[in-house]
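Every read-out reported here was derived from the displayed coordinates using simple, explicitly stated rules and does not represent laboratory data. Since the structure is predicted, the reported quantities are computational estimates derived from the model, not experimental observations. So basically every Cβ, Gly included, is an ideal-geometry build from the backbone, and we count neighbours across all protein chains shown.
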Amino acid sequence: MDNVNVCDTVCAAARELVDNAVSGNKEHGLLKSALDCLDMAPNAMHSDQIEDERCLINVSHMVWQLGASTTKRVFQSPDIATRMLPIEIRHCSADPFYVLRAVLERYPRAYTNPRSVRELGSMLVQLKTRQRVEMSIRDLAVRSLTEAYIVGLMLEAAVRQNDGKAAGSFVRQLQACMQSVLAPCMRSVEANRAHRMLGHEDLDRTDDERVVDLVWTACVDLVKSCKAEYDADPVSLALSLCPAEQVPELLRLSTNSNEWQDPWAHMASPTDVLQGVRDMLVGSNPVPAARSGELVDPDTMRTFDVAILRRGLRSAQNDPKMRCALLVEWLHFAVTTVKEPADARAQEFRTAMETELVKRFPKEAMRVLNDRVLPELDQTNIIQVRTYYSVYAKCARAVSEGDAQIAQARAQLAEELMHIPALRNVRFDELVRAVAEPESRNTSVDMLGALVGTHVDELIALAPALVRAAGKQELEAVSLASGLRAWQLQQLLDRAAATGDPTQFLALLSDSLPQLQTDDISSIASHIAYNPRVAQSVDIDSRDLALQQLPAEPNTVTRARAFVQCARDVQELRDPFTFTRISDNWARAFDACGRIDPGSELTSQVLRVLVEMSQTESAYIVCQTYMAVSRMLQAWNEPMLSLSTVYALALEQTILCDGSVERVCDPPLELCEFDYGDNNELGDVLQQFQYEFGKELERVVNDTSVSSAMRLRVLRV
């Protein structure tokens, strides 16, 4: 038999077994036999038919597992009326969501296992298209229209079971994907609805329409029939998706239903609302919202068209609750839309509606701004942010809220940001949080610097507005501006370390000094003197010139100057034309001293470096380095070292490891015979060293804890 006949025979046998199976369990019975049959085909003969049959078996097994995990009945019982048989799945596989809906109807509690339902939906789509569809199994986010359809089916199943908690969870998942998944398909949905209203009843329903209609009708069923409590707003989601003719009915449902009597009843007081806004914006990280896309329905309040708005408000002229609901629905649209009124008349009417909201319904407006608008607000759209805080400030003043000043300050900050193109793509909430949240100013500066990058100059000009928007004192604006300038200087200094050209840094340093506070001057001085990258890449003359520009106070600058001078002295010993050149290895070890903050630890760090140098470098190099370090420690008021202490520690380490005493002692003894000429400083050091080191050798000779052989070797020295 050729390959084609083999595949056909194998598939036919497996298909016969699958179609006669009364259970979806592939580990037993006919489905297991079907798998064994398919495995008989060699790998080289695998075809799409074989893969389709395997996929059908896997789907049947998944359905069987889903039913077994969500019901208490025994699936091996003779009653097969409620089972989803493999042959039934085969005949309905052309419509994956019909199969999924049938599964949710046959096994009423299957929706309680949403991850398995999503995985089953993916397998059903693969069975139809032969392409794997990835689902958000781990985080249960809705990122595609297919996932939205599956969640809508589970919402429908939860409503049938009167499970308000699960239904509310599915509604929140769908609300979270409104802007990214559902909103983009509404344009085509509205177009098809309009065609049908014009008489094109034969127009086929698209997948977009099926998803949208499923979601909004399930939300309506939830409000009408579910007696349990649910923590979600299904009416709001339904209003965004339903046909225009259904809007009045939904608004009546939201205000008159026993389960939905007052849309504001579950919300906090106005005082708590503004605090909630601050918590979302400044405290915990808000959930990032996708950019809003406008969905203008001509028969709803989600428009700037004056005639439509007048007609809507006129219908609720004698019903304050209905009028309030219409106005806040329009407010939600007006703040989150990316469009503006088309003409001056529409702009005037917009202002009039905002004025009515502020005067008649300020508390309700504040609540909808907090609960619905803020999570959807595009924080990079400064126009939306300005509108949001401007309206919020007016409402807060209307109800005598003291925090209206903060809202107004944020509206002013947004106004100023509109005139700075370089900062338009920075998230507004992250800017405010960077100033308001950290306890230390330096942390705020680092966060702001990371946000704006090279545009620090523009941010410095905004420092007063930023501080007011964060609810802090005006005096902190000066400190914030100084910190930002210092951060900018440090970035330029790091750039100079990378390029080796400190010209730009030196120029900006001279211009910035009058704007810097004492702490920031100390920070820059430390960065110049002790930063390892700067020390290795920026020449010593440029570092010294920069430190000379800084004022002598604070004391940190004096210490930094002393360290750089010490580094200059040591650098002179590295001259390649000098016979006694210090090695690069120990030069780097000495540079490491600069990483230690001023304090007693620096003395011990320097001593460790000198002891290591004494075992590899000439005594003259060690002596010269010691003199440079001593001047630095004296300028810092640090504990002083003795050159004899360096060699005494080196000798002690040698004795402990039974090393060569001669190698440690001979170089310093030669140093004692060195002709220092007119160098009185060197002479004083050598005279003191000769006396103290002689005493140390004598102590070792008389120390009975040292072995006799070692003491004899020291005595010979």
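At an R0 of 45 angstrom, the distance between the Cβ atoms of S660 and I540 translates into a FRET efficiency of 0.80.
Residues of region 509-542 falling in the label zone of D501, defined by backbone nitrogen less than 16 Å from a point 7 Å along Cα to beta-carbon, are 538-539.
For K165, the lysines whose Cα comes closer than 18 Å to its Cα, not counting residues fewer than 8 places off in the same chain, are K224, K227.
Cα-based radius of gyration for region 299-439, normalised by 2.2 N^0.38 Å, reads 1.09.
Straight-line reach from K363: which lysines have Cα under 23 Å away, leaving out those fewer than 8 places along the same chain? List returned: K321, K394.
If every alpha-carbon in region 362-458 counts as one equal scatterer, what log10 I(q)/I(0) does Debye give at q = 0.18 1/Å? Results for region 362-458 at q = 0.18 Å⁻¹ read -0.88. Here is the result for region 357-439: no chymotrypsin sites (Phe, Trp or Tyr not before Pro) lie in DSSP coil with at most 12 other C-beta atoms within 10 angstrom of their C-beta. Note on S440 and R172: their simple-model spin labels are 3.6 nm apart, each label 7 Å out from Cα toward Cβ. Normalised by 2.2 N^0.38 Å, where N counts its residues, the alpha-carbon radius of gyration of region 374-517 equals 1.15.
Computed over the alpha carbons of region 447-560, Rg followed by Dmax gives 14.5, 45 Å. Decide, for region 92-182, between rounded, prolate and oblate: order the square roots of the alpha carbon gyration tensor eigenvalues as a ≥ b ≥ c, take rounded if a/c falls under 1.5, and otherwise choose prolate if a/b is larger than b/c, else oblate. Cα axes put region 92-182 in the oblate bin. The simple Förster model, with R0 at 22 Å and r as the Cβ-Cβ distance, assigns A352 and R424 a FRET efficiency of 0.15.
Remark: spin-label model distance D569-S47 equals 9.1 nm, labels positioned 7 Å along the Cα→Cβ axis. For region 459-469, 3J(HN,Hα) computed residue by residue from phi via the Karplus equation (6.51, -1.76, 1.60; θ = phi - 60°) reads 6, 4, 5, 8, 3, x, 5, 4, 5, 5, 5 Hz, glycine and proline entered as x.
Each of E27 and T558 was given a label point 7 Å from its Cα along the Cα-to-Cβ line. The distance between the two points is 8.1 nm. Computed 3J(HN,Hα) for region 321-330, one whole-Hz value per residue from the Karplus formula 6.51 cos²θ - 1.76 cosθ + 1.60 where θ = phi - 60°, is 5, 5, 4, 4, 4, 5, 5, 6, 5, 5, glycine and proline marked x. On the basis of the beta-carbon distance and an R0 of 51 Å, D8 and A141 show a calculated FRET efficiency of 0.75. Average projection, convex hull of the Cα set of region 604-662: 4.0 square nanometres.
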